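For reference, the structure is listed below as structure tokens.
The values are calculated or read from the model by the stated rules, or taken from the named source; none is laboratory data. What you see is a predicted model; the values in this text were computed from it and never measured. Neighbour counts are summed over all protein chains in view; Cβ atoms, including those assigned to glycine, are modelled from backbone coordinates with ideal geometry.
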Amino acid sequence: MEPQPEKRHIAIFASGNGTNAENITAYFNNGNNQAYEVALIVCNKPDAMVLQRAEKLGVPSKVISKAQINDQETMLELLEGYSIDLIVLAGFLLMIPPFLLEHYRDRIINIHPSLLPKYGGKGMFGHHVHEAVVAAHEKETGITVHIVDERCDEGRIIFQASTPLSASDTPDDVERKVHSLEREHFPRVIEQTLASLPSR
Ligand code: GAR
């Protein structure tokens, strides 16, 4: 029998509800793509819904404090313990420390719920973004997937998708439209990113 190539392992970092974490895990871990697997979910909020989702999905999860994410030994031991190839930020609200950016250079991606560079930067997350988009009477919004670097929401963009808005859309409506784009596109963007990465 041919030797099977090693699976590539994804870690998802999330802070809240975790609909993206669930959708990504369902995509990879139910046999769609045998080459890739969500091996770990990392969360900085002990009561976040994403942890319940991880348990239901049968994916190991780890709660880390702000101090722990900034501790090189703790984080590298955790991530190397699961042979992580790619870190996916899906609603993760802490900054990624320089040693992780260095160790996983071009291997950390983030999804942002707007068409960057619009509505990015400090304080722009989740509902705050959708409220700003409605207040500015934007005719469209969308999602951006980008490489994470030292700057907030400014790393190289690898994917964008947009959706039209109507004048009557509320921030909740905008959020629904954005989530629908995330659901449709994010797993495939992750798959393509992994396919383009050399083995570690
Ligand atoms: C997603 O819409 C994601 O784009 C956004 O948080 C939401 C998390 O939803 N991320 C940011 O705002 C990052 N600045 P989820 O927890 O249901 O996946």
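Below, the figures for the structure above:
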| read-out | value |
| --- | --- |
| Residue 79 in a helix (DSSP H, G or I) and more than 23 Å from residue 199 (Cβ to Cβ) | no |
| Filter result for the condition that a residue is of a type in the set (Phe, Trp, Tyr), modelled with pLDDT of 95 or more and within 16 Å of the ligand (Cβ to nearest atom), over 82, 119, 104 | 119 |
| Among residues of the range 52-64, those that are in contact with a Lys or Arg (Cβ under 8 Å, 6 or more places away or on another chain) and crowded, with 19+ Cβ neighbours inside 10 Å, counted | 0 |
| Unmet criterion (only one of (1) under 22 Å from residue 9 (Cα atoms); (2) surrounded by 15 or more Cβ atoms within 10 Å (Cβ to Cβ); (3) of a type outside the set (D, E, K, R)) for residue 124 | (1) |
| Residue in the range 164-184 that is among the basic types (Lys, Arg), farther than 27 Å from residue 6 by Cβ and surrounded by fewer than 15 Cβ atoms within 10 Å (Cβ to Cβ) present | yes |
| Single unsatisfied condition, residue 190 versus (1) part of a strand (DSSP E or B); (2) within 14 Å of the chain's Cα centre (by Cα); (3) crowded, with 19+ Cβ neighbours inside 10 Å | (1) |
| From 19, 25, 74, residue being in contact with a helix residue (DSSP H, G or I) (Cβ under 6 Å, 6 or more places away or on another chain) and within 14 Å of the ligand (Cβ to nearest atom) | 25 |
| Residue count for the range 21-49, restricted to those that are surrounded by 22 or more Cβ atoms within 10 Å (Cβ to Cβ), in contact (Cβ under 8 Å) with a residue 40 or more places away in the chain and assigned to a helix (DSSP H, G or I) | 3 |
| Of all residues making up the range 133-156, the number that are surrounded by fewer than 18 Cβ atoms within 10 Å (Cβ to Cβ) and within 14 Å of the ligand (Cβ to nearest atom) | 3 |
| Where a residue in the range 69-87 is over 19 Å from residue 36 (Cβ atoms) and its partner, wherever it lies, is modelled with pLDDT of 95 or more and of a type in the set (S, T, N, Q), with Cβ under 8 Å and at least six apart | 69/44; 74/68; 75/68 |
| Residue under evaluation residue 165, criteria (1) more than 15 Å from the chain's Cα centre (by Cα); (2) touching a residue at least 40 places away in the same chain (Cβ under 8 Å); (3) over 25 Å from residue 200 (Cα atoms), criterion not met | (2) |
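Residue-wise test of (1) in a strand (DSSP E or B); (2) among the polar types (S, T, N, Q); (3) over 19 Å from residue 190 (Cα atoms).
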site	(1), (2), (3)
93	no, no, yes
101	no, no, no
110	yes, yes, no
128	no, no, yes
133	no, no, yes
159	yes, no, no
168	no, yes, yes
